[in-house]
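Down below is the structure, laid out as structure tokens.
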Amino acid sequence: MAYSTNEMMTVAAARRLQNGSVCFVGIGLPSKAANLARLTSSPDVVLIYESGPIGAKPSVLPLSIGDGELAETADTVVPTGEIFRYWLQGGRIDVGFLGAAQVDRFGNINTTVVGDYHQPKVRLPGAGGAPEIAGSAKSVLIILKQSSRSFVDKLDFVTSVGHGEGGDSRKRLGLPGAGPVGIITDLCIMEPEEGSHEFVVTALHPGVTREQVVAATGWAIRFAEQVSVTAEPTETELTALRDLEARTAAAHGQAPGEA
Amino acid sequence: MAEILTLRDAVKRFVNDGDTVALEGFTHLIPTAAGHEIIRQGKKDLTLVRMTPDLIYDQLIGAGCARKLIFSWGGNPGVGSLHRLRDAVEKQWPQPLEIEEHSHADLANAYVAGASGLPFAVLRAYAGSDLPKVNPLIKTVTCPFTGEVLAAVPSVRPDITVIHAQKADRKGNVLLWGILGVQKEAALAAKRCIVTVEEIVDDLNAPMNSCVLPTWALTAVCHVPGGAHPSYAHGYNERDNRFYQAWDPIARDRETFSAWIDEYIHGTADFNEFQAKLATAQEAK
């Protein structure tokens, strides 16, 4: 089956969620990938949204983080304060699944401003739940489309910390979680190099060249010694994803591409 | 005991110029009607607190009601930017807006601390983030037992909180369910609290352990069906995703925004009229 680069990204991200793991899900791309995982390889993944639903099993993707569908399909719905206090800070989250506006070579995330904070060129939405998810989840996955504007040499603002300045930064900061273990894009998969914790390319999606990845990265991106090729999306994965998007579009009254 | 009032009277009596105001609701149960009424009555110099400013604060900021915004995520959910918030931050229109920026975990904890009568909240947060560099109110505290350095942030204690909920009884006890966000904490953290509700009933028939705010903890209850639109009230109406999308071009431009406020807020007497006007405009499309 033919597929798009966006579909490849979502499928590759979904495969990273292990069955039975407890996942704190950001809205947008993370939510799409996490629900695809639940509908395919990981039916028992537990999805937690910051608005309060625990064990959400939505049949359509939520447009907002607090859609009624999330509450109706959840095992339980708790207050937002409890989500952050008991479930995240309490150490019960295996994977924090985040998006980003910008990311750097150590997996630090900017969702606050482009330009100077006090005189921003572009004011972005801000932190939301990400800083503490990035700090306290046992591991973090990041999903975003790759371009030299989003993969930058230096962030204008560190909203949510990844591996800080690299090396043992997280340990020195006293962060409980292991930090980002993968960045999944429409071109490739990056993982932190042992020791330096700098993200290097470990897998290219089918048909993608190293030159494409280099051109779409704002720092001198390196490649792991062994670079594999991501397995193409299976028919099962693509069908599940497209059905999910079609149900979502119908429920939200969107055109099919918008979901 | 909460008084059962019209929303107009409740806002007139309990929202003052210069107040710190929290209009809460995490995507669900956003008290939009109260936001409109605050604009209609021309309240000024407000410090607005909300985890997710959403359309409700985009409108209050663009209409010139706000002096300061305390928040943790300022976007139009599923759509994009809040253009009036951005115009105020980037270009000081219609007036400068001071911003005090936090994370969700911080503000959620700060509401819990406010409701608990504590001066600050303590949480494991912000290590490695630049937010403490731009918000001097984010400080640290050292645990006296383990020596761990933790984040300390001031509690949120609004002069007035407004929330929307599903039901009240005739005494003013309130029942809410679904995504609760920080509704209960925001209500109990405030000096005064107004609740708008979908319906007023003889008996709440609340199941044991459900989220009930007792009348004696509230100031006023107002009957405003649909008062959370374009947000929703679980069991009564659905989120109007189309309106969130339609808001983007309205708010993108100062002129279209001002014309919308003039027509739909200043040009209507109350939320009932607003809804009727909106319905007529949507039918005409």
Set the bar at 28 Å for Cα to Cα. Now go through B:LYS44/B:LYS91; A:LYS57/A:LYS121; A:LYS138/B:LYS133 and name every pair that lies beyond it. A:LYS57/A:LYS121
Treating cross-link reach as a plain straight distance, find the aspartates and glutamates whose alpha-carbon is under 17 Å from the alpha-carbon of A:LYS32, omitting any fewer than eight places away in the same chain. A:GLU7, A:ASP44, A:GLU50, A:ASP67, A:GLU69, A:ASP186, A:GLU237, A:ASP243, A:GLU245, A:GLU258
Relative contact order, percent, of chain B when contacts are C-alpha pairs under 8 Å separated by at least 6 residues? 23 percent
Mind listing which GluC sites (Glu not before Pro) in the range A:144-222 are in a DSSP loop and have 12 or fewer other Cβ atoms within 10 Å? A:GLU194
Enumerate the lysines that B:LYS277 could reach by cross-link, defined here as Cα to Cα under 19 Å, with residues fewer than 8 away along the same chain left out. B:LYS285
Around B:HIS223: net Lys/Arg minus Asp/Glu count, Cβ-Cβ under 15 Å: -4
Could you check the simple spin-label distance between B:SER210 and A:THR5, using points 7 Å along Cα→Cβ, in nm with one decimal? 5.1 nm
The answer for chain B, counting only DSSP H helices whose Cα atoms cover 27 angstrom or more along the axis and whose Kyte-Doolittle average is -0.5 or greater, is none
Spin-label model distance (nm) - B:THR6 vs A:TYR86, 7 Å beyond Cα toward Cβ: 4.3 nm
Roughly how big is chain B's charge dipole about its Cα centre, with Cβ charges of +1 (Lys, Arg) and -1 (Asp, Glu), in debye to the nearest 20? 440 debye
On average, how many beta carbons from a partner chain sit within 10 Å of the beta carbon of a residue in B:104-116? 5
Under a cut-off of 26 Å between alpha-carbon atoms, report the lysines in cross-link reach of B:LYS171, not counting same-chain residues fewer than 8 places apart. B:LYS12, B:LYS184, B:LYS191
When a/c is below 1.5 the answer is rounded, else prolate if a/b is larger than b/c, else oblate, so apply that to the protein assembly as shown with a ≥ b ≥ c taken from the square roots of the Cα gyration tensor eigenvalues. prolate
Roughly how many nanometres apart are two label points built 7 Å out from the Cα toward the Cβ at B:GLU238 and A:ALA178? 4.1 nm
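Rule-based calculations on the coordinates, nothing more; no lab input. Since this is a predicted model, take the numbers as computed values, not measurements. No Cβ is skipped: glycine too gets one built from the backbone with ideal geometry, and neighbour counts run over all protein chains shown.
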